[in-house]
Amino acid sequence: MPTSVTKRFIKCHNALIEQQIVKSSSMFAKAIGVHRQSINRILQGDGEATISMLESVIEIFHVNPNYLMTGEGEMFRESENEIEPTIAYVPYKAFAGYSHQFQEDAFLGQLQYFSLPDSRFKDGTFRCFEINGDSMLPTFLSGDKVVCSLVYNVYYEQLIKSNHHYVVVTNEDVLLKRVVNDIKENKSIQLVSDNDTFPPLNCSIDQIKEVWKVEMRLTQDFKLR
């Protein structure tokens, strides 16, 4: 049985053909760089859309990534030239509320939103979290801010890369850590502080509400070295 993401991938394929953006499944396959047989298997219910396929349809056909991953929003992005404030800023004082209200429109509507002139932040779901404390010294300073992209939960095992920085939202907290992916073996991740005076934490998948990949650090530290 295909996953929900693959079903939406098929709907995008069908819509592109119906709208005559591509003439056939063969042209669709060629456009995203895969063999026609791969698309046939997916259409017949015998295969799943891979991460690279999803990335290709998002980039080439301007498919809305939120629609692909969650089913929310329009199937296609309306305008490639429109710049909207898509990055929600979560200050440290909002962390306690965020871990319990991150899905509530009222809470998200109270956050400030901004945009950055960088193609990485044009498509997708983004948050900017303020850092507090010294557990991630010397990489991140208290008061720094990290701009992050959402890691969709259906692909945690594949997309969470060991030794990379992520903001992990648990049932009780919002944590910036270096992550070790142990999902395949133990259904958990290890959260490691860059400041080695802080012990690593083990976090089971069941405790995780959201994972955000750190894409950029914003800092006010302009001290000359």
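For the range 87-218, the ratio of Cα radius of gyration to the globular rule of thumb 2.2 N^0.38 Å stands at 1.00. Take every Cα pair under 8 Å whose residues are at least 6 apart in sequence, average their separation, divide by the length of the range 77-225, and the relative contact order is 23 percent.
Using DSSP to define loop residues, name the GluC sites (Glu not before Pro) in the range 147-197 whose beta-carbon has at most 11 other beta-carbon atoms within 10 Å.
Numbers: sites: Glu157, Glu172, Glu185; in loops: Glu172.
The qualifying sites are Glu172.
For a paramagnetic label modelled on Lys23 (point 7 Å from Cα along Cα→Cβ), amide N atoms under 17 Å away belong, within the range 32-67, to 32, 36. Close amide H pairs (under 5 Å, H built 1.01 Å from N) link Val90 with Cys128, Phe129, Glu130, residues at least 5 positions away or on another chain. Of the cross-linked pairs Lys161/Lys213; Lys23/Lys122; Lys177/Lys213; Lys145/Lys213, those separated by over 20 Å at the C-alpha level are Lys23/Lys122.
Compared with the alpha-carbon gap, the fully stretched path from Ile10 to Phe107 is longer by 31.6 nm at 0.36 nm per residue.
The range 25-39 and the range 130-195 have Cα centres lying 35 Å from one another. Using the Cα centre of the range 87-218 as origin and beta-carbon charges of +1 (Lys, Arg) and -1 (Asp, Glu), tell me which of Ile183, Pro200, Ala88 is placed farthest towards the positive end of the dipole. My answer, from the dipole projection, is Ala88. This ranking places Phe198, Phe9 by how few other beta-carbon atoms lie within 10 Å of each, fewest first, which gives Phe198, Phe9.
The string of couplings for the range 144-159 from the Karplus curve (6.51, -1.76, 1.60, θ = phi - 60°) is 4, 10, 10, 9, 10, 9, 6, 9, 6, 4, 5, 10, 3, 4, 7, 9 Hz, one whole number per residue in order, with x for Gly and Pro.
No value in this document is a laboratory result; all are computed from the given coordinates. The shown structure was predicted, so the numbers you read here are calculated from the model rather than taken from an experiment. Cβ sites come from the backbone with ideal geometry, for glycine too, and all protein chains shown count toward neighbours.
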